[in-house]
Amino acid sequence: MPLSIFGFRALWSPYFFIFIVVLTVLYFLLTKKWRHLFEGSEPVTNREIRYFISSMVVLYIVKGSPADLLGHILFSVHMAQMALLLLVVAPLLIIGIPNFIWKKVFSVKLIDKIVRLFTKPVISLLVFTVMFSLNHYPMVLDFIKMSVVMHSIFTIMLFLSAFFLWWPVVNTLESHPQLHGLKKIGYVILSAILLTPACSLIIFVDVPVYETYSTGEAWLKAMALCVPAGTLSGLSISGPELFTNMPTLYDQQLGGIIMKVIQELIYVVVIGKIFIKWYREEQMNADEITQKDLLARQSIKVHG
């Protein structure tokens with residue numbers, strides 16, 4: 001059956017689109033028209049604008065486009081959504097927001113203390129791993145997908161854990177601790193390792209474990225998260241099998257594979273950029289040391 005039976009609102013989430021537009025307008029107001037209100041502010045760079053706009057576009061694709069509806073039908077699409085939300089949107093958003101705004105946010109002492117605590121490398125890795133694993137534990141995922149409130153709370157908490165994960169890697173705020181060089185590479189690699197068990201369990205389990213993707217009644221309750229009640233009650237549908245020919249087990253296993261593949265690809269790109277930056281900095285330091293050494297020798301010769 002075509003997805004169009006669910007209607008325009010379920011397919012394109014116009015209210016969420018308006019939310020994205022409002023966020024974008026607010027971003028430009030804060031970084032341009034109202035920038036003078038922030039102490040020590042600097043002009044927003046084209047790089048920051050590109051990253052922020054990219055984060056908003058990907059966020060809408062993940063949570064507002066037909067991909068969100070399809071993610072309630074196919075577990076594999078849901079996992080692709082999670083990968084993009086947690087591993088793409090979160091770091092893009094951190095980079096896209098200028099430091100003078102982050103400074104204003106962290107001027108609230110409570111927020112600053114919370115972020116400093118949860119962005120400590122060991123804590124951020126554990127929090128993200130636990131939140132991701134818990135979110136995809138069958139009983140938990142089925143429970144939160146049948147409640148609008150719980151689904152919203154868990155999604156926000158999971159996104160915050162991704163923010164904590166990426167903050168030590170991509171933030172450039174001088175007042176906040178940052179990882180550098182090989183420590184940053186080790187941190188990213190360890191994150192990949194810690195997520196492997198959760199993905200492996202999904203990939204290698206030999207039976208469908210999520211009722212909201214396999215059982216008609218549970219699936220219909222989960223669909224209420226993205227389809228208006230009036231529309232859903234007027235449809236004669238029984239389960240996700242009406243919209244796909246893929247067996248539930250294959251879809252479930254594919255979801256684990258997709259998450260792991262996307263994660264590895266993103267992490268390879270991130271590690272590559274970190275390594276190149278670290279190598280260039282090391283070369284520059286080495287050149288500076290060599291230059292100072294030559295100047296020192298010349299000075300000795302002159303005065304000798």
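Some points to look at:
- Only a single criterion out of (1) assigned to a loop (DSSP other than H, G, I, E, B); (2) open to solvent by 20 Å² or more (accessible area, probe 1.4 Å); (3) of a type outside the set (D, E, K, R) is not satisfied by I271, namely (1).
- Figure legend. Inter-residue proximity from segment 234-259: first residues in contact (Cβ under 8 Å) with a residue 40 or more places away in the chain and of a type in the set (V, I, T), second residues open to solvent by 40 Å² or more (accessible area, probe 1.4 Å) and outside any helix (DSSP H, G or I), beta-carbon distance below 8 Å, spacing 6+ or different chains. Indicated pairs: I237/M1; T248/P208; T248/S214.
- Residues of segment 95-114 classified as open to solvent by 10 Å² or more (accessible area, probe 1.4 Å), assigned to a helix (DSSP H, G or I) and in contact (Cβ under 8 Å) with a residue 24 or more places away in the chain, total: 7
- Residues that are more than 30 Å from Y213 (Cα to Cα) and loosely packed, with under 13 Cβ neighbours inside 10 Å occur in segment 13-24; there is at least one.
- Only a single item in (1) in contact with a Ser or Thr (Cβ under 8 Å, 6 or more places away or on another chain); (2) modelled with pLDDT of 90 or more is not met by G239, and it is number (2).
- Criterion violated by A67 - all others in (1) farther than 30 Å from M223 by Cβ; (2) surrounded by 16 or more Cβ atoms within 10 Å (Cβ to Cβ) satisfied: (1)
- Selection of first residues in segment 1-21 that are within 19 Å of S233 (Cα to Cα) and of second residues that are open to solvent by 40 Å² or more (accessible area, probe 1.4 Å), restricted to Cβ pairs under 6 Å at least 6 apart or on distinct chains, gives the following pairs, ordered by first then second residue: M1/L242; G7/T231.
- Filter result for S4 (more than 17 Å from F159 (Cα to Cα), outside any helix (DSSP H, G or I) and of a type in the set (S, T, N, Q)): no
- The listed residues are F38, F52, and the only one of them that is open to solvent by less than 50 Å² (accessible area, probe 1.4 Å), farther than 18 Å from L11 by Cα and at pLDDT below 95 turns out to be F38.
- Meets criteria (open to solvent by less than 50 Å² (accessible area, probe 1.4 Å) and modelled with pLDDT of 95 or more) for V89: yes
The values are calculated or read from the model by the stated rules, or taken from the named source; none is laboratory data. Computed from a prediction, not measured in an experiment: that's the story for all the values here. A quick note on method: Cβ atoms are made from the backbone with ideal geometry, for glycine too, and the neighbour counts reach across all protein chains shown. Keep in mind that these areas ignore ligands, DNA and RNA; they rest on the heavy atoms of the full protein, side chains included. Shrake-Rupley method; radii C 1.70, N 1.55, O 1.52, S 1.80 Å.
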